[in-house]
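This report concerns only the one structure given below.
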2 protein chains.
Amino acid sequence: MPRPSPETQQGIGPAKNQVEVGMANSDLEFLFHPKSIAIVGTPSDPSANQGAGVFLDALLEFDYKGHIYPVNPKISEIRGLRAYPDLMSLPQTPDHVICCIPASLVPQLIKDCASRGVKAMAMYTAGFSEAGEEGRKLEQELVRLAYQGGIRLIGPNCMGIYCPSTCLSYNPLLSREAGSVGLLCQSGGVSLGLSIMANFAGIYFSKVISYGNAADLNESDFMEYLAQDNETKLIGAYIEGVRDGQRFIETLTRAAKVKPVAILKGGRTKAGAKATASHTGSLAGDEEKWSAVCRQAGAVQVYSSEEMVDFFEICLHMKPLKGQRVGIIAWGGGPSVLATDDCESAGLVVPAFSAALCQEMRSFMFEPGSSVSNPVDSPVLANPSLLSRAIKTVADSREVDVLIMRLPFAVARPPFDLEVTVATLEAIIETSKSIDAAVAVVQPHGDTPESSGQFLGVQQRCAEANLSLFSTTRRAAQAIGRFAQSISYLEH
Amino acid sequence: MPRPSPETQQGIGPAKNQVEVGMANSDLEFLFHPKSIAIVGTPSDPSANQGAGVFLDALLEFDYKGHIYPVNPKISEIRGLRAYPDLMSLPQTPDHVICCIPASLVPQLIKDCASRGVKAMAMYTAGFSEAGEEGRKLEQELVRLAYQGGIRLIGPNCMGIYCPSTCLSYNPLLSREAGSVGLLCQSGGVSLGLSIMANFAGIYFSKVISYGNAADLNESDFMEYLAQDNETKLIGAYIEGVRDGQRFIETLTRAAKVKPVAILKGGRTKAGAKATASHTGSLAGDEEKWSAVCRQAGAVQVYSSEEMVDFFEICLHMKPLKGQRVGIIAWGGGPSVLATDDCESAGLVVPAFSAALCQEMRSFMFEPGSSVSNPVDSPVLANPSLLSRAIKTVADSREVDVLIMRLPFAVARPPFDLEVTVATLEAIIETSKSIDAAVAVVQPHGDTPESSGQFLGVQQRCAEANLSLFSTTRRAAQAIGRFAQSISYLEH
């Protein structure tokens, strides 16, 4: 995919034939391996400036191995690093420039970068196309200057790159652990919140790109990059507007054939779409059209950061599904009923068991209050060996493709404490190894340190055992539905 | 409302004219004030029996003031209390009997209760209409015997009554603190999980009734009771099936005119409906018909225990809304866009501000990256006094009815730790006192003890200041939508 000239990008000017110059997208690899970084506009007191101040702290916190050049004419040293008055005075050409200076000063900086041979810039600076007509013109000017100078721009109005494997980060709060989730995000706030939420759930990233106004590099470039990136096994995207619709559809279609892709669309509603204009200068487009694009391309849609994290969770831990038939074990009649409703509402099927299977279940599950069909519920499930037998009996029948095991609410006091829960969990984990059906665990819990502490204990064991964990049956059911949909798109 | 004879109840036999005997529903008050309780079938080792064992422990834990009579012929003493071999040998007639003996022994117990003049029984025992034809017949027999003996039955297949103000509880895990939420619940598991989740959120109950198969006292009886109960300010209900449709519609309509009522329906889907049959022997009915009933009666529908707790939260803390126009302040462009989508998806309106209001906002909110219209977003909102000014300016314009303030994700590390959050929160709390618009706070957080600990800190301040708190903007938006709907049904 050749780099388009700025004029071909929607939102900048009318589309023309693409100019066959510039870099192919696999060349974007260089963005994630800079040997030196200049932070132009490093604040004199980074701690007092939560915006631009975090970039330097993030690189130091991540123990970035290359050279860091803080640029600020008012200081000579910061955080033990020598500061430089301007880009031209740096002792070497930085591979990457993070731009935090006011919008009006950016054109000159790009010229300086071009004259020194800088190849990449991440522009934190805001006040461009999202800020009205004047900003839109200034943004066009940047793109023109960068294009002339052979510089690729991320942003403006963005946080840039988080790539833990090369110690790149735009925020010290992010995890240093690298994983296999790729995320492209038109909002810095969403990328930060979503990444931290995922980190808390034990989910880690290969690359996260916060790309803001997408003046030069856009959603299609990053989607294409992540689709071919070997470190990335699945892709999430928060997108407010698309620069080149046709190219995006083609890129998304190719990506969804090789990796699961989930999209969180910002601006689905009328007022939301209006808000995207003042956020990233995006034209959000029509919700129905957008849904059709995702369906056609093979990407699944999620509707919140939480649902995105759930999608990551299930893609990382669940074995491929052969169908959408769910078996439910939920420790309690009402929770079983609600779990069944959640599954069917998510498009899954909760089949009644065959007479033969019911009879087999009844042979060890005969106490009053037992339901031997689907959803399964019985007082005997408090006994781990009978629980194992129930799981194995249901799975071996091949009447379901996936089991949802909904544990009792995490109270963190007997009898609903971690000790009893783990005994149950170990039976689930051990049995899951010898069955074909996939297994999802649900551990409902409260917003208290004790209850969520218990959840964390369950989370750790589930992660070690490679079982997906969710906090409600609805979230589990929705994730399973999306996972089934997503793997049906993959080329095998 | 006279007590119907058993034959008038659907699911037992064809409806006949009601017999004008028995107690009016306000008479159900006696259920919540027993001076003595017999637990028939107290296990010899309560700790080993998580089912029937909890009743005795719950009453002891709650420091129940009346007499407790454990009944079990195999023991003479338990937990320091004298145990009795059977009901007939008790030194006095208990006001309330909790029945935990096997189903086949229950008819004789009811006869004994009748001969001793017992007025109320809560039947934990399962194995009745939910267990097939034989159980259905046995359940009919119980109802007939109880009716003849002048005994009101709760259940069977239920947990009975939790009423903290009179130290009644069916589980020691529930809070001893009394509140103003009434809950009727066809599932013991849902009632326990939902109540504990609410307790964790600082929400407490007047009365919770787990009523299982509803063989005698049913959803209409308890709805009617809670509607007239002075200790109950709002009502939640988990219902799988309705015994007498016409009476329920009338009761629900009357209740929703005097208090907010939310209903969580179990068995909304085909497979879910099938599951209710084996859980409480209920005929779940058709989802569309059910939604029409709720709409017509003025009850709002929720679709999970979490949404029920959110409804309680907003009814308890939010001032009455004059309309559904929402102003959003969300600290970040992407989160603002998503919050806007959440609001509009929940049926709320996020209006663009008038030119005059935008101009006023711009006078102190001019940094690049600021959005002075709705949703409001600006770096200056990090300054508490400018935040206050923004809130007051928006509220005083009367262009919105409610403000959603979405705080940054709770990381529990600087700059997103409790200290900074509380400074922001105090500005919100202080300003909210001098404005007409209602305010909801959103504090997104992770499932870690640190992050949820920070959430708890925010929760405590919000509760003290009487502000509603939610963990996602979607949950806030849905709760606001339901609250607006609910108060529109109330008779003023």
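The values are calculated or read from the model by the stated rules, or taken from the named source; none is laboratory data. Please read all numbers here as calculations on a predicted model, not as lab measurements. Glycine gets a Cβ as well: all are built from the backbone with ideal geometry, and neighbour counts include every protein chain shown. These area figures cover heavy atoms from the full protein model, side chains too; ligands, DNA and RNA do not enter into them. Shrake-Rupley method; radii C 1.70, N 1.55, O 1.52, S 1.80 Å.
The table below lists the values:
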item: Heavy-atom surface of chain A, accessible at 1.4 Å and reported per residue (Å²); result: 36 Å²
item: Cα long-axis angle, helix B:305-317 against chain B (0 to 90 degrees, to the nearest 10); result: 70 degrees
item: Segment B:232-275, relative contact order [Cα under 8 Å, separation at least 6], %; result: 51 percent
item: Extension gain (nm, one decimal) between B:I249 and B:S397, 0.36 nm per residue minus Cα-Cα; result: 49.2 nm
item: Accessible carbon and sulfur surface of segment A:73-222 relative to its total accessible area, %, 1.4 Å; result: 51 percent
item: Rounded to whole Hz, the Karplus (6.51, -1.76, 1.60) HN-Hα couplings of segment B:337-354, x for glycine and proline; result: 4, 5, 5, 5, 4, 4, 5, 5, 5, 8, x, 8, 10, 10, x, 5, 6, 5
item: A:R406 accessible area, assembled protein chains, probe 1.4 Å, Å²; result: 40 Å²
item: Net +/- balance of residues flanking B:L264 in space, Cβ distance below 14 Å, scoring K and R +1, D and E -1; result: -4
item: Sequence-distant residues sharing a close amide H with A:A120 (under 5 Å, placed H); result: A:V97, A:R152
item: Net charge of Cβ neighbours under 12 Å - reference A:Y489; Lys, Arg +1; Asp, Glu -1; result: +4
item: Pairwise FRET efficiency - B:V422 versus A:N230, Cβ, R0 = 51 Å, nearest 0.05; result: 0.70
item: Positive-end extreme of charge dipole, segment A:319-489 - chosen from A:S452, A:I480, A:A410 (charges on Cβ); result: A:I480
item: Label point distance in nm, B:H33-B:K74, each placed 7 Å from Cα along Cα→Cβ; result: 3.8 nm
item: Other copies of A:E231: label-to-label distances in nm, shortest first, labels 7 Å along the beta-carbon direction; result: 6.0
item: Two-site FRET efficiency, A:S165 against A:E430, from Cβ-Cβ distance with R₀ of 45 Å, rounded to 0.05; result: 0.85
item: Relative contact order for segment A:251-370, counting Cα pairs under 8 Å that sit 6 or more residues apart, in percent; result: 21 percent
item: Gain on full stretching of the segment that runs from A:S291 to A:K257 - 0.36 nm per residue minus C-alpha separation; result: 10.5 nm
item: Percentage relative contact order, chain A, counting C-alpha pairs under 8 Å, at least six apart; result: 10 percent
item: Spatial separation of Cα centroids for segment B:395-415 and segment B:61-139, in angstrom; result: 53 Å
item: Residue-level accessible surface for A:Y204, protein heavy atoms, 1.4 Å, Å²; result: 50 Å²
item: Cross-link table A:K35/A:K259; A:K433/B:K265; B:K207/B:K319; A:K137/A:K265; A:K35/A:K74; A:K233/A:K270, entries beyond 28 Å C-alpha to C-alpha; result: A:K35/A:K259; A:K433/B:K265; A:K233/A:K270
item: Accessible surface buried once B binds A (1.4 Å probe; total of both sides; Å²); result: 5000 Å²
item: Cα-centre dipole for the protein assembly as shown with unit charges at Cβ (Lys and Arg positive, Asp and Glu negative), debye to 20; result: 620 debye
item: Distance in nm between pseudo-label sites at B:L386 and A:D45 (7 Å out along the Cβ direction from Cα); result: 1.6 nm
item: Phi-based couplings in Hz for segment B:196-206 (Karplus 6.51, -1.76, 1.60; Gly and Pro marked x); result: 5, 4, 5, 3, 4, 8, x, 10, 10, 10, 7
item: Distances in nm from B:E134 to the matching label points in the other copies, shortest first (labels 7 Å along Cα to Cβ); result: 8.6
item: Proximal aspartates and glutamates to B:K111, defined as alpha-carbon separation beneath 17 angstrom and excluding residues fewer than eight positions away on the same chain; result: B:D86, B:D95, B:E139, B:E141, B:D216
item: Average beta carbon contacts from partner chains per residue of B:188-198, 10 Å cutoff; result: 6
item: In Hz, Karplus ³J(HN,Hα) per residue of segment B:357-374 (6.51, -1.76, 1.60; θ = phi - 60°; x = Gly, Pro); result: 5, 4, 5, 5, 5, 5, 5, 10, 9, 10, 5, x, x, 8, 10, 8, 8, 8
item: Dipole moment magnitude, nearest 20 debye, chain B about Cα centre, only Lys, Arg, Asp, Glu C-beta charged; result: 600 debye
item: Helical mean residue ellipticity (222 nm; -39500 (n - 2.57) per DSSP H run of 4+; nearest 500) of chain B; result: -12000 deg cm²/dmol
item: Inter-centroid distance (Cα atoms) of segment B:434-492 relative to segment A:369-384, Å; result: 37 Å
item: Distance in nm between pseudo-label sites at B:A356 and B:R116 (7 Å out along the Cβ direction from Cα); result: 7.5 nm
